[in-house]
């Protein structure tokens with residue numbers, strides 16, 4: 001995601017010069033503080049900000065410094081520096097803690113929740129009363145451990161989603177996530193993916209490709225909040241992307257793969273709204289490799305902070321969730 | 001103890017190395033090894049698709065017309081027509097692909113073609129390639145899958161669909177004629193994916209400088225605004241030499257990029273990256289031994305592909321009777337349709353593939369579809385599969401009624417064709433316990449023996 005056009009550093013004197021076509025002006029953003037403004041497509045997010053329920057951390061990144069989407073995404077989800085590691089950081093936390101259950105709103109199981117701990121998943125479908133078939137299949141799948149577990153899990157989740165809608169739009173998926181999370185004895189962690197932020201060309205500014213993705217995110221956020229009802233007050237939403245994009249717009253009015261980015265936090269469980277950034281600046285010499293926003297904060301520090309302050313994790317637990325990261329102190333006061 | 005589900009050579013040919021047996025095939029189906037020597041099967045609907053150049057010409061003309069339009073209403077009408085035609089082309093090309101998968105008698109040929117098509121993936125979520133999303137597969141992969149890697153790599157990266165998909169058509173060298181005049185610049189998207197996905201692989205030891213240098217070397221690789229075929233545009237090309245992986249490339253013009261691709265195709269890391277992926281695709285985890293033998297064949301024949309496929313098929317592990325992979329949604333869906341020998345409508349097929357999470361040419365990434373079992377074997381995916389099994393079973397039962405064929409006769413014929421006398425006993429019991437014909441078909445298609453391969 002192009003964080004520089006989402007949480008816009010309009011106070012940085014170099015910003016507008018880097019982005020003559022796609023940059024947003026002070027008048028176009030919703031002001032967050034004297035330095036940052038929010039993209040106008042994130043309307044509900046801005047309302048949350050004014051209510052003390054949204055926070056942004058800028059100039060952050062994972063420990064990955066190359067520019068492959070696929071590896072960047074894997075590192076974000078597995079919480080290590082090794083793109084080949086096949087266990088998700090959230091799964092490690094689930095297996096270390098008690099009373100936590102996760103669900104993926106996805107037709108597969110994303111890496112972030114893959115691992116030892118069993119995780120359920122759900123995706124819209126329209127199987128009507130197929131009770132007899134379900135019994136046959138349950139019996140049949142006893143001959144294969146993996147299919148057996150998956151089927152039992154699918155049936156258990158389905159019991160919670162009986163009134164589910166079939167739409168696969170992001171806001172319906174978010175709304176369903178809220179339903180699962182507010183079911184007694186149901187999961188208390190949900191993961192979803194929203195793709196389409198790879199804006200190499202024709203990215204747009206106030207309107208355009210990035211704006212329409214942000215609008216989708218914004219609507220989804222509202223749908224989640226509405227469906228969570230009272231549980232919104234106990235919830236934190238983290239929206240993270242694998243990396244930021246180049247500070248300077250490219251020759252095709254878009255941006256290429258970069259480094260430092262903004263991470264978005266929402267939820268009734270936040271104590272205050274703020275923008276946290278140790279801002280490195282956008283002058284040529286302060287850019288990472290003279291091209292990207294430099295990263296002054298590791299995303300793992302933010303995630304550690306959320307795990308400790310929101311989920312009640314201990315220091316040894318977060319060190320086990322994010323191996324080889326003792327130097328990355330949990331971000332304090334993030335919640 | 002694991003069950004030996006795939007005991008006959010015929011079942012392995014169809015299930016592990018093919019697209020599933022068709023119950024209406026009357027002649028003996030050629031073995032995968034024989035298929036390598038046979039001319040490729042191309043379904044008439046694929047053969048009749050318009051060329052990418054013809055489709056691009058139509059859209060170019062429409063876009064020009066829209067630019068010249070004087071009123072807003074005229075502009076809107078043209079935009080509407082563009083959208084409709086785009087949807088129309090996309091529907092047609094998806095349907096042609098689906099018929100190809102449904103009817104080919106040479107399942108191994110098609111599996112290999114689709115492997116390469118996924119390796120060099122084009123995704124139709126990028127609008128400018130939507131109406132030509134299958135053209136790379138049909139115009140390049142089908143012509144090169146049984147030749148050598150270098151010629152395929154070059155043809156892929158000089159095809160309009162790839163150049164448009166990864167933004168290279170307008171990538172402009174900063175010191176080129178056009179770069180000096182206009183405010184246009186370099187786009188490194190294609191260069192990055194050539195190194196990361198097409199050739200060396202992400203651990204191939206290249207750097208950001210190598211990406212930039214390759215991006216410069218292939219500036220000017222674009223398409224003609226008249227013929228809509230590949231055209232090298234000198235005025236976009238960055239002059240001067242580049243250094244890639246420690247080697248200087250000082251050739252002028254088009255040859256510079258081609259020389260780099262030649263070296264990348266012959267790089268041992270490329271060979272390793274690709275044979276590992278190919279071995280895993282067919283044989284899953286623990287395929288290192290097969291993959292090493294394939295690597296040796298690749299290096300020995302300098303990237304000729306037939307010897308590599310032959311080593312794969314002749315490897316002792318190839319015909320093991322135990323499950324090696326979980327069928328992908330696309331493989332499973334067509335195995336179901338082929339076992340039933342039915343053809344749902346174009347819209348039904350597209351809808352069901354979408355529901356299974358694998359609509360053709362919609363991987364949403366130049367990396368193509370992920371290819372590990374964990375990506376498709378999950379609770380929610382299983383529910384989607386179950387739902388589609390019911391939908392297809394209903395279509396089958398309607399068609400049997402219409403043709404006055406009994407459901408039990410059909411089921412018996414299907415089982416005979418798929419497994420002979422080796423139908424897993426758990427499946428036999430579940431089929432016997434199912435009270436209605438529809439559920440019997442569903443149980444067969446959902447059985448572990450059918451879902452794995």
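The values are calculated or read from the model by the stated rules, or taken from the named source; none is laboratory data. Since the structure is predicted, the reported quantities are computational estimates derived from the model, not experimental observations. Backbone-built Cβ (ideal geometry, glycine too); neighbour counts: all protein chains shown.
Tell me, yes or no, whether the stretch B:360-378 has at least one residue that is assigned to a loop (DSSP other than H, G, I, E, B), at pLDDT 95 or above and at negative phi. Don't jump to the end; show me each part of the working.
Going through the stretch B:360-378, the residues assigned to a loop (DSSP other than H, G, I, E, B) turn out to be B:360-372, B:376-378.
If we keep only those that are at pLDDT 95 or above too, we end up with B:360-361.
Filter once more, so that each one left must be at negative phi: B:360.
For the stretch B:360-378, residues assigned to a loop (DSSP other than H, G, I, E, B), at pLDDT 95 or above and at negative phi: present.
Just checking, how many residues over the stretch A:67-100 are within 13 Å of chain B (Cβ to nearest Cβ) and farther than 17 Å from residue A:319 by Cα?
So the count comes out to 11.
Return the residues of the stretch A:137-178 that are more than 8 Å from chain B (Cβ to nearest Cβ) and in a loop (DSSP other than H, G, I, E, B); say none if nothing qualifies.
Residues satisfying the conditions are A:161, A:162, A:163, A:164, A:165, A:166, A:167, A:168, A:169.
Just give me the residues in the stretch B:175-202 being part of a loop (DSSP other than H, G, I, E, B), within 10 Å of chain A (Cβ to nearest Cβ) and out of contact with any helix residue (DSSP H, G or I) (no Cβ under 8 Å at 6 or more places or on another chain), in sequence order.
B:182, B:183
Out of curiosity, is residue A:191 without any contact (Cβ under 8 Å) to a residue 40 or more places away in the chain and touching a strand residue (DSSP E or B) at 6+ places or on another chain (Cβ under 6 Å)?
No: the conditions fail for residue A:191.
In the stretch B:358-386, which residue that is in contact (Cβ under 8 Å) with a residue 12 or more places away in the chain, facing chain A (nearest Cβ under 7 Å) and buried (at least 19 other Cβ atoms within 10 Å of the Cβ) is farthest from the chain's Cα centre (by Cα)?
B:386
Can you name the condition, by its number, that residue A:245 falls short on among (1) surrounded by fewer than 23 Cβ atoms within 10 Å (Cβ to Cβ); (2) touching a helix residue (DSSP H, G or I) at 6+ places or on another chain (Cβ under 9 Å)?
(1)
Tally time: how many residues in the stretch A:138-151 are in contact with a helix residue (DSSP H, G or I) (Cβ under 7 Å, 6 or more places away or on another chain) and surrounded by 15 or more Cβ atoms within 10 Å (Cβ to Cβ)?
First, pick out the residues of the stretch A:138-151 that are in contact with a helix residue (DSSP H, G or I) (Cβ under 7 Å, 6 or more places away or on another chain): A:138-144, A:147-148, A:150-151.
From the residues that got through so far, the ones that are surrounded by 15 or more Cβ atoms within 10 Å (Cβ to Cβ) too are A:139-141, A:143-144, A:147-148, A:150-151.
Summing the residues that are in contact with a helix residue (DSSP H, G or I) (Cβ under 7 Å, 6 or more places away or on another chain) and surrounded by 15 or more Cβ atoms within 10 Å (Cβ to Cβ) in the stretch A:138-151 gives 9.
Could you count how many residues in the stretch B:436-449 are more than 7 Å from every other protein chain (Cβ to nearest Cβ) and farther than 17 Å from residue B:409 by Cβ?
2
Considering every residue within the stretch B:88-108, establish whether at least one is outside any helix (DSSP H, G or I) and surrounded by fewer than 18 Cβ atoms within 10 Å (Cβ to Cβ).
yes
Where in the stretch B:1-84 are there helices (runs of 4 or more DSSP H), lying fully within it, with 3 or more residues that are under 29 Å from residue B:417 (Cα atoms) and modelled with pLDDT of 95 or more? Reasoning before the result, please.
Details: elements: B:9-15, B:32-35, B:44-47, B:52-68.
Hits in the stretch B:1-84: B:9-15, B:32-35, B:44-47.
Of everything in the stretch A:179-213, what is under 20 Å from the mean Cα position of the chain (by Cα) and more than 14 Å from chain B (Cβ to nearest Cβ)? Give them in sequence order.
Residues satisfying the conditions are A:179, A:181, A:182, A:188, A:189, A:210, A:211.
Does residue A:26 fit the bill of being over 29 Å from residue A:325 (Cβ atoms) and part of a loop (DSSP other than H, G, I, E, B)?
Here the answer is yes, as residue A:26 does meet what is asked.
I'm trying to understand the selection: among the residues of the stretch B:394-431, which are within 14 Å of chain A (Cβ to nearest Cβ) and assigned to a loop (DSSP other than H, G, I, E, B)?
Listed by number, the residues that qualify are B:423, B:424.
So residue B:132 ticks every box in (1) surrounded by fewer than 23 Cβ atoms within 10 Å (Cβ to Cβ); (2) in contact with a helix residue (DSSP H, G or I) (Cβ under 6 Å, 6 or more places away or on another chain) but one. Which box is left unticked?
The single condition residue B:132 does not satisfy is (1).
When you look at residue B:191, is it within 20 Å of residue A:246 (Cα to Cα), without any contact (Cβ under 8 Å) to a residue 40 or more places away in the chain, touching a strand residue (DSSP E or B) at 6+ places or on another chain (Cβ under 8 Å) and surrounded by 21 or more Cβ atoms within 10 Å (Cβ to Cβ), yes or no?
Taking the combined requirement at face value, the residue does not satisfy it.
Can we say residue A:4 is in contact with a helix residue (DSSP H, G or I) (Cβ under 9 Å, 6 or more places away or on another chain), surrounded by 23 or more Cβ atoms within 10 Å (Cβ to Cβ) and away from every other protein chain (no Cβ under 14 Å)?
Yes: the conditions hold for residue A:4.
Taking residue A:16, is it more than 10 Å from chain B (Cβ to nearest Cβ), in a helix (DSSP H, G or I), over 19 Å from the mean Cα position of the chain (by Cα) and without any contact (Cβ under 8 Å) to a residue 60 or more places away in the chain?
The answer is yes for residue A:16.
Can you spot a residue in the stretch B:336-345 that is surrounded by fewer than 22 Cβ atoms within 10 Å (Cβ to Cβ), free of Cβ contacts under 8 Å to residues at least 40 places away in the same chain, more than 13 Å from chain A (Cβ to nearest Cβ) and more than 29 Å from residue B:448 (Cβ to Cβ)?
yes
What number of residues within the stretch A:31-42 are buried (at least 17 other Cβ atoms within 10 Å of the Cβ) and either over 21 Å from the mean Cα position of the chain (by Cα) or farther than 22 Å from residue A:255 by Cα (or both)?
1
Going through the stretch B:43-69 one residue at a time, which ones are crowded, with 16+ Cβ neighbours inside 10 Å and within 21 Å of the chain's Cα centre (by Cα)?
Those that are crowded, with 16+ Cβ neighbours inside 10 Å and within 21 Å of the chain's Cα centre (by Cα): B:43, B:45, B:46, B:49, B:50, B:52, B:53, B:55.
Given the criteria surrounded by fewer than 24 Cβ atoms within 10 Å (Cβ to Cβ), on the phi > 0 side of the Ramachandran plot, modelled with pLDDT of 95 or more and touching a helix residue (DSSP H, G or I) at 6+ places or on another chain (Cβ under 7 Å), does residue B:228 qualify?
Yes, satisfied.
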